[in-house]
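A.B. asks: Please find one structure pasted underneath; my questions will follow.
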């Protein structure tokens, strides 16, 4: 007989020889000892993990001529020496028929199988059909087999092996016992390789065998196939093949994980030039960009698992040295950063499959890893925390406004203190260079901010005595209000609104100013700016505010539930109707400061709007796109 590859030569012949499938072998041994034999089995799982092998062992145990409990066969394991066991092992047994369902998948082949199943076995106890790759059988063929599988003759047993059990119809699966096989663990594959290396008289380094076991990726057959190839290409000493780590890496075309450790160290340090130089050496050495990306994905996954569960976690199916290496890399990044890096490299690997210039796309993907290091978490960006020189400053919290407002602080002429710039990039990016802290300036003097702000008119200066708000008489629903062009009369339903002002009633500008001040005190400066530029109209028993140039979604973000509560409380304090509506896309024709659009409002000193309009990026964007700033929203207060 010619040479047999290792995967066939060392194929298990007993249940005890199968590695990594104890849950299956234990159940089948108990079923054999109790004579609880099913008429249909489905073996599913990863490739090369023993599905067809166990089907053959079950066939030997069922047709073994040696009785269970005899000295030759004390357990339900097949004896392996009788004629039936030998014939099944050699693949020429008459009553054990193996069918490749990938090629015999049609209804005609299944009909022939069904007709042949009616006849009794020629010699053995059972007639056994082993259908490999059973998911390839067509639905029509499965339907033809359905009745036979449901009520088969007592002498027929079907065993189906598949890697895709979900493709087998549910009607078939419900009539069979389904065994789900596990991927073989790294330690089990390594132990098997060491045993085979000893039998084959091969000198192998432990690191080399570990590399072969890792390359198997849970498949014993894949690991043995690679080992067979490695032995054939290995140098010999004293007639014995010598397997080394470097030789196996050259054979597989893989890169040592120490290289990926250096690459990620350069990423953590932000060294773009070093990263590109290392990649250039790898590509010039003949490694394909696709292979490099695939290996880096695996290395990043191991680093992430080490971050989650430590070096000794069961999530890592690698050798001890590689566990330590993955643990060192995990210390360089946070869990979120490792997850983001893995996602970037996975997307890069997908792009390489259909791109022409693979090297350029791999270089771009690795540079994205460095750029992603400068990003701030979304939580910090929304809370107004900016990255400083190694220190993250806390965001000043804006407390909700209560009904009993504290006395307003006096107007201070001192410049607001400087604060780190709000930027989605970390230090050194140079993407943003804002001025003083906008939130600090708004909190330092909210009332003074409103006094200098154009949208709320120019009322009398606020003194210490007037800081305590007293109820202001508000005109009844039928009273005329201001806020319209001279000589203009608007009609809402049956009510006529005239431009005259009732005697002793406050103007709409006073109401606008009071509500705006309350919003600024409550930390809703953007809402105050927006509503100050709108058109305020009294409609029967409610107030309508039309805001121009603002969509519904953006309006809902700016004037949120907290801002609406402040407006309602202020209207109630003023004795005005507490029912109000803020409508987008309408409202124009106001006089004074309210008539101008938000882009033409003079920004308040130190406000969000002033800092945004003074930012060079905003100014450049206005020049390029001929844009107009309608409103500025400070999301740090959300």
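A.B. asks: Might you let me know whether the range 532-541 holds any residue that is part of a helix (DSSP H, G or I), assigned by TED's automatic domain parsing to the domain that holds residue 521 and free of Cβ contacts under 8 Å to residues at least 12 places away in the same chain?
C.D. replies: No - not one qualifying residue is present in the range 532-541.
A.B. asks: If you don't mind, there's one more thing I want to ask. Assess whether residue 583 counts as being modelled with pLDDT of 50 or more, under 23 Å from residue 563 (Cα atoms) and either part of a helix (DSSP H, G or I) or not assigned by TED's automatic domain parsing to the domain that holds residue 552 (or both).
C.D. replies: Criteria not met by residue 583.
A.B. asks: Answer yes or no as to whether residue 105 is at pLDDT below 90, assigned to a loop (DSSP other than H, G, I, E, B), in the same structural domain as residue 172 (by TED's automatic domain parsing) and closer than 21 Å to residue 57 by Cβ.
C.D. replies: Judged against the criteria, residue 105 is not a match.
A.B. asks: Moving on. List the helices (runs of 4 or more DSSP H) that sit entirely inside the range 284-355 and contain at least 2 residues that are modelled with pLDDT of 90 or more and farther than 30 Å from residue 191 by Cβ.
C.D. replies: Here the list reads 289-309, 335-352.
A.B. asks: For the structure I just gave you, tell me whether residue 295 is in contact with a helix residue (DSSP H, G or I) (Cβ under 9 Å, 6 or more places away or on another chain), buried (at least 17 other Cβ atoms within 10 Å of the Cβ) and either in contact (Cβ under 8 Å) with a residue 40 or more places away in the chain or under 22 Å from residue 211 (Cα atoms) (or both).
C.D. replies: yes
A.B. asks: Only residues that are closer than 22 Å to residue 193 by Cα, in a helix (DSSP H, G or I) and free of Cβ contacts under 8 Å to residues at least 12 places away in the same chain: list them for the range 1-39, please.
C.D. replies: Answer for the range 1-39, where residues must be closer than 22 Å to residue 193 by Cα, in a helix (DSSP H, G or I) and free of Cβ contacts under 8 Å to residues at least 12 places away in the same chain: 8, 9, 17, 22.
A.B. asks: Next up: Being assigned by TED's automatic domain parsing to the domain that holds residue 125, touching a strand residue (DSSP E or B) at 6+ places or on another chain (Cβ under 7 Å), farther than 29 Å from residue 136 by Cβ and without any contact (Cβ under 8 Å) to a residue 24 or more places away in the chain narrows it down to one residue among 66, 70; which is it?
C.D. replies: Of 66, 70, the one residue that is assigned by TED's automatic domain parsing to the domain that holds residue 125, touching a strand residue (DSSP E or B) at 6+ places or on another chain (Cβ under 7 Å), farther than 29 Å from residue 136 by Cβ and without any contact (Cβ under 8 Å) to a residue 24 or more places away in the chain is 66.
A.B. asks: Another question, then. In the range 63-96, how many residues are crowded, with 20+ Cβ neighbours inside 10 Å and part of a helix (DSSP H, G or I)?
C.D. replies: 4
A.B. asks: Select, from 164, 170, 229, 177, the only residue that is surrounded by fewer than 20 Cβ atoms within 10 Å (Cβ to Cβ) and closer than 21 Å to residue 255 by Cβ.
C.D. replies: Step by step, each of 164, 170, 229, 177 is checked, and only 229 is surrounded by fewer than 20 Cβ atoms within 10 Å (Cβ to Cβ) and closer than 21 Å to residue 255 by Cβ.
A.B. asks: Let me ask you something else. Please give the number of the condition residue 363 fails out of (1) modelled with pLDDT of 80 or more; (2) loosely packed, with under 12 Cβ neighbours inside 10 Å; (3) in a helix (DSSP H, G or I).
C.D. replies: All conditions are met except number (2).
A.B. asks: What residue, among those in the range 97-139 that are out of contact with any strand residue (DSSP E or B) (no Cβ under 9 Å at 6 or more places or on another chain) and within 19 Å of residue 51 (Cβ to Cβ), is surrounded by the fewest Cβ atoms within 10 Å (Cβ to Cβ)?
C.D. replies: Per the stated criteria, the residue is 103.
A.B. asks: Within the bounds of the range 47-55, is there any residue that is on the phi > 0 side of the Ramachandran plot, out of contact with any helix residue (DSSP H, G or I) (no Cβ under 6 Å at 6 or more places or on another chain) and touching a residue at least 12 places away in the same chain (Cβ under 8 Å)?
C.D. replies: yes
The values are calculated or read from the model by the stated rules, or taken from the named source; none is laboratory data. It should be emphasised that the depicted structure is a prediction, and the values quoted were computed from it without experimental measurement. Virtual Cβ from ideal backbone geometry, glycine too; neighbours counted across all protein chains shown.
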